[in-house]
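The values are calculated or read from the model by the stated rules, or taken from the named source; none is laboratory data. No experiment lies behind these values; they were computed from the predicted model shown. With ideal geometry, Cβ positions are generated from the backbone for all residues, glycine too; neighbour counts draw on all protein chains shown.
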Amino acid sequence: MSFQPVHFYQTGTFTVGNRLLAQEERSVQANMERTNSLNSGHRACQGCGEALGARYAIDAAMNAARGRLIAANATGCLEVFSTPYPETSWQIPWIHSLFGNTAAVATGIAAAIKVKRQKGQMGDVRVVAQGGDGGTTDIGFGCLSGMFERNDDVLYICYDNGGYMNTGVQRSSATPPAARTATTMPVGPEPGNAFGQGKFVPAIAMAHEIPYVATATVADLRDLEYKVTKAMGMRGARYIHILVPCPLGWGAASQDTIKLARLAKETGIFPVFEAERGEVTGVLKIRRPQPVEEYLRLQKRYAHLFGKKPAVETIARLQAAADKNIRKYGLLDQEAN
Amino acid sequence: MDKPFAITLDPGSSLANHTGSWRTSRPVYVDRLPPCNKQCPAGEDIQGWLFHAESGDYESAWRHLTKDNPFPAIMGRVCYHTCEGACNRGQLDAPVGINSVERFLGDEALKRGWKLSAPAAESGKRILVVGAGPSGMSAAYHLRRLGHSVTVYEAGPLLGGMMRFGIPKYRLPRDVLEAEMQRVVDLGVEVRLNSKVDNILDTMRDGKFDAAFLAVGAHIGKRARIPAGDAAKIIDAISLLRSMEGEEKPLLGRRVVVYGGGNTAIDVARTAKRMGAEPLIVYRRTREKMPAHDFEVEEALQEGIMVKWLSTIKQAHESSLTIEKMALDDKGFPQPTGEFETIEADSLVLALGQDVDLGLLEGVPGLQVTDGVVEVAPNMMTGHPGIFAGGDMVPAERNVTVGIGHGKQAARHIDAWLRGEQYVPPVQREVAVFENLNTWYYADAPKTVRPMLDIIRRQSTFDEVQGGLDESNALFEARRCLSCGNCFECDNCYGVCPDNAVIKLGPGKRFEFNYDYCKGCGVCVAECPCGAIKMEAEEI
């Protein structure tokens, strides 16, 4: 099962920290000594979900690996805003790969470590590869699938913001239907991104039957940290797909980043679950069910659905997709929370 | 080569890039006023003491609470806890059981023998307090804590005033009342029982007092003009309740009719029930219009007390009463219908409100008395310099909590006045409204209900009706507090900042913004559960 709150302490365990919890039960992010893998001064937009998600995930991985971690990073927002030569925000060993080969680079690092360990030249060091949805679901997909099928000892983390945001918000294969991007303009009979295209890489990763696949959002820190920590406790190919709202590309207010991630999960638009060897083993239940409209309305990329004549049918199709997720993954529970 | 693992080149850190220059508005930490605190007539910092109780530090909680109110065990039983009506959690599931936690803290203090802290230094000033009720004893406590020498004159034989002579035992056990009164006396407050003040100016002069606080309770029952035969037994409610404290219990007979619809009427009826009588309340309007608190009416009905609504008493006879039925007119006032009936009654108790005996004020220049109460300025001073007043004898709602609040306010103003200064209350903070909260972060948690005495014992004994919480559920209840408008160190701002621009200062020290890097996105404000951060426009 996913992380389940066991203690009742004023705010349960939904907040980042809690002064009433025992030290060992607190989150990595609550720790004054956290790594801050991605430090201040980076050039991400105000309210960037990806910058937040990356710090959450890599800090948790650093904590699990006791600081012995190397990260390979695909080209994309995360690389561009964090490391404009000669500065970097990364406070861990970190290498920038090409756009499409970060999984392969990580494979190579893992192989090198394996050989060095066999020769007794170094101790255990863990490897993480990370990229955006463009570098993962489109350009780097071949390398990623190869890493999966060889079961290389790498944790691959995809930060999904649904498009190529730093080059000007173009569509990727992770862009949701009906969303406006620079290449899927809200014109014509079916405005925005087309229905029935694109892919959901967590499901494809599961099809490889790798040891561990999980989804998470920046709205559920405890769940995210639980999954990264669990993944770091395993060997072989592991994949975590984190939904990270993008205020720029989604046309949302900068303060709504976490709210949007929460709504994506609560509406069923983005299912949060974990799977081992191709089988779903846990889901994060919806706590306060909401219609998809609540999620869509906050984003200008869906503004064309709410014009003078609302696109009722399109909204209904998006609702149907969310309902399908809820059915498929069993996201609703009578005894939720 | 003194470099970390796997690092070969000196990295240029992005810390050189001060992204704070992007900002057009900045987050700032605020302490908003929680609605419970705003509502409390005694001015308690409820959120403040619950904060300590949440971590199980009950003594700190009790000490924080008693800065404002020295009687938590009494409050936890008799306060009408309007704070709970204002509680933001009420809009989420049910209000925090503030009153029950307060009682737990009060009882815990009595059990563990915690003492109130003594004044730091003596001022040398002498203050006279008239009346040892809630308001007088509260003032005595606060004045004593400020270092003044306090003497309380009480007309009655015991401490407590209306808390003893107006509130029945089944709501306030006397050992609790006495223990909390004694704790104030232990601070070095002098008490003179059976000492009625006949003339305030004489007493002040004889005792060389620098100032006086008058807190005489409303002990005189109002009478109604009811034609009655010689043999009819008519008593007023407040005398009846007072005589319950003596050795000789009043003789009421079996059928007791109580006339009135306030809390006192309910108290009398429930007292009569416990003495084995069959009380009937006669009230001229409907239940909705009844001034008594709804929970008290409900408890009375549970105990089998009957109420005759829309009725007035026209005449009293030896063993019966003539009742006229009333009907509400368009404006909601009861009007006579001309329909009469006769009911059996061995005695009639009038619970039609009370007055204050203002005899001690006769001949005091500058005083203004309106509708039986003394006018006071905002600083609680009467028209006569140096004489302050509060509680039942000034224009305000009459209840224990209001009285205690008056005592505190008056003490502060007296203290300032003695130094020739004026007490300036702190500027009231912005109120933390429900819309300031992000309730996602609060786990669902139903209110803990206090145990009630079983109905048979409620009908036949004066045992306390409402029980208290034990440690585990008091802690649970305290932790239901949302901490509206005041940081409780949940680390959310520290966690959710995409720019790592929140500095955690450590336990008890809260947080600080690093404005060198804060881009002003506002995520911390949106995700703060309790509304303790707000955005302010940058000056550009």
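Key figures
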read-out: Residue in region B:415-435 that is under 27 Å from B:Lys169 (Cα atoms) and under 20 Å from the mean Cα position of the chain (by Cα) present; value: no
read-out: Helices (runs of 4 or more DSSP H) contained entirely in region B:431-540, each with at least 1 residues that are farther than 30 Å from B:Glu108 by Cα; value: B:492-496, B:523-527
read-out: Which numbered condition B:Glu248 misses (of (1) under 31 Å from the mean Cα position of the chain (by Cα); (2) of a type in the set (Asp, Glu); (3) not in a helix (DSSP H, G or I)); value: (1)
read-out: Flag if B:Leu92 is under 30 Å from B:Arg479 (Cβ atoms) and either of a type outside the set (Val, Ile, Thr) or without any contact (Cβ under 8 Å) to a residue 12 or more places away in the chain (or both); value: yes
read-out: Test set (1) surrounded by fewer than 16 Cβ atoms within 10 Å (Cβ to Cβ); (2) in contact with a helix residue (DSSP H, G or I) (Cβ under 9 Å, 6 or more places away or on another chain) - B:Glu397 fails condition number; value: (2)
read-out: Qualifying residue in region B:506-513 (condition: away from chain A (no Cβ under 12 Å) and either surrounded by fewer than 22 Cβ atoms within 10 Å (Cβ to Cβ) or free of Cβ contacts under 8 Å to residues at least 12 places away in the same chain (or both)); value: yes
read-out: Of the criteria (1) at the interface with chain A (Cβ under 9 Å from one of its Cβ atoms); (2) over 28 Å from A:Gln23 (Cα atoms); (3) over 38 Å from the mean Cα position of the chain (by Cα), which one B:Val496 fails; value: (2)
read-out: Residue within region B:304-312 that is surrounded by 13 or more Cβ atoms within 10 Å (Cβ to Cβ), assigned to a strand (DSSP E or B) and touching a Gly at 6+ places or on another chain (Cβ under 6 Å) present; value: no
read-out: Residue in region B:6-49 that is farthest from B:Val496 (Cα to Cα), counting only those that are among the charged types (D, E, K, R), assigned to a loop (DSSP other than H, G, I, E, B) and more than 9 Å from chain A (Cβ to nearest Cβ); value: B:Glu44
read-out: Those residues of region A:233-247 which are over 15 Å from A:Val154 (Cβ atoms) and touching a Phe, Trp or Tyr at 6+ places or on another chain (Cβ under 7 Å), in sequence order; value: A:Ile242, A:Leu243, A:Val244
read-out: Single residue of B:Leu469, B:Leu475 found to be hydrophobic (A, V, I, L, M, F, W, C) and touching a Lys or Arg at 6+ places or on another chain (Cβ under 7 Å); value: B:Leu469
read-out: Of all residues in region A:304-329 being of a type in the set (Gly, Ala, Ser) and surrounded by 14 or more Cβ atoms within 10 Å (Cβ to Cβ), the one that is farthest from A:Thr184 (Cα to Cα); value: A:Ala322
read-out: Criterion violated by A:Met234 - all others in (1) surrounded by fewer than 21 Cβ atoms within 10 Å (Cβ to Cβ); (2) without any contact (Cβ under 8 Å) to a residue 24 or more places away in the chain; (3) farther than 27 Å from A:Arg126 by Cα satisfied; value: (3)
read-out: Given (1) in a helix (DSSP H, G or I); (2) under 13 Å from A:Ala72 (Cβ atoms); (3) of a type in the set (Val, Ile, Thr), number of the condition A:Val127 does not satisfy; value: (1)
read-out: Filter result for the condition that a residue is more than 19 Å from B:Pro134 (Cβ to Cβ), within 27 Å of the chain's Cα centre (by Cα), modelled with pLDDT under 95 and small (Gly, Ala, Ser), over B:Gly372, B:Gly353; value: B:Gly372
read-out: Cross-chain or 6+ apart pairs with Cβ under 6 Å, region B:374-387 first and under 17 Å from B:Val356 (Cβ atoms), then modelled with pLDDT of 95 or more and not hydrophobic (A, V, I, L, M, F, W, C); value: B:Val374/B:Thr382; B:Val376/B:Thr382; B:Met380/B:Gly390; B:Met380/B:Gln409; B:Met380/B:His413
read-out: Breaking point among (1) buried (at least 18 other Cβ atoms within 10 Å of the Cβ); (2) away from chain A (no Cβ under 14 Å); (3) free of Cβ contacts under 8 Å to residues at least 40 places away in the same chain, for B:His52; value: (2)
read-out: Test result for B:Arg398, among the basic types (Lys, Arg), assigned by TED's automatic domain parsing to the domain that holds B:Asn69 and touching a residue at least 24 places away in the same chain (Cβ under 8 Å); value: no
read-out: Unique residue being facing chain A (nearest Cβ under 7 Å) and crowded, with 17+ Cβ neighbours inside 10 Å when the list is B:Gly522, B:Gly468, B:Gly485; value: B:Gly522
read-out: Enumeration of residues in region A:78-89 that are surrounded by 23 or more Cβ atoms within 10 Å (Cβ to Cβ) and either in contact with a Gly (Cβ under 7 Å, 6 or more places away or on another chain) or of a type in the set (A, V, I, L, M, F, W, C) (or both); value: A:Leu78, A:Ser89
read-out: Scope region B:329-382; condition exposed (fewer than 12 other Cβ atoms within 10 Å of the Cβ) and not assigned by TED's automatic domain parsing to the domain that holds B:Ala292; matching residues; value: B:Glu362, B:Gly363, B:Pro365, B:Gly366, B:Gln368, B:Thr370, B:Asp371, B:Ala377, B:Pro378
read-out: Residue in region B:60-75 that is surrounded by fewer than 19 Cβ atoms within 10 Å (Cβ to Cβ), in contact (Cβ under 8 Å) with a residue 12 or more places away in the chain, within 23 Å of the chain's Cα centre (by Cα) and not in a helix (DSSP H, G or I) present; value: yes
read-out: Per-region count, region B:82-105, residues assigned to a loop (DSSP other than H, G, I, E, B) and either of a type in the set (Asp, Glu) or at pLDDT below 95 (or both); value: 6
read-out: Some residue of region B:403-411 being in contact with a Cys (Cβ under 8 Å, 6 or more places away or on another chain) and in the same structural domain as B:Leu177 (by TED's automatic domain parsing); value: yes
read-out: Residue list for region B:196-219, filter: surrounded by 16 or more Cβ atoms within 10 Å (Cβ to Cβ) and either hydrophobic (A, V, I, L, M, F, W, C) or free of Cβ contacts under 8 Å to residues at least 60 places away in the same chain (or both); value: B:Val197, B:Ile200, B:Leu201, B:Met204, B:Phe209, B:Ala211, B:Ala212, B:Phe213, B:Leu214, B:Ala215, B:Val216, B:Ala218
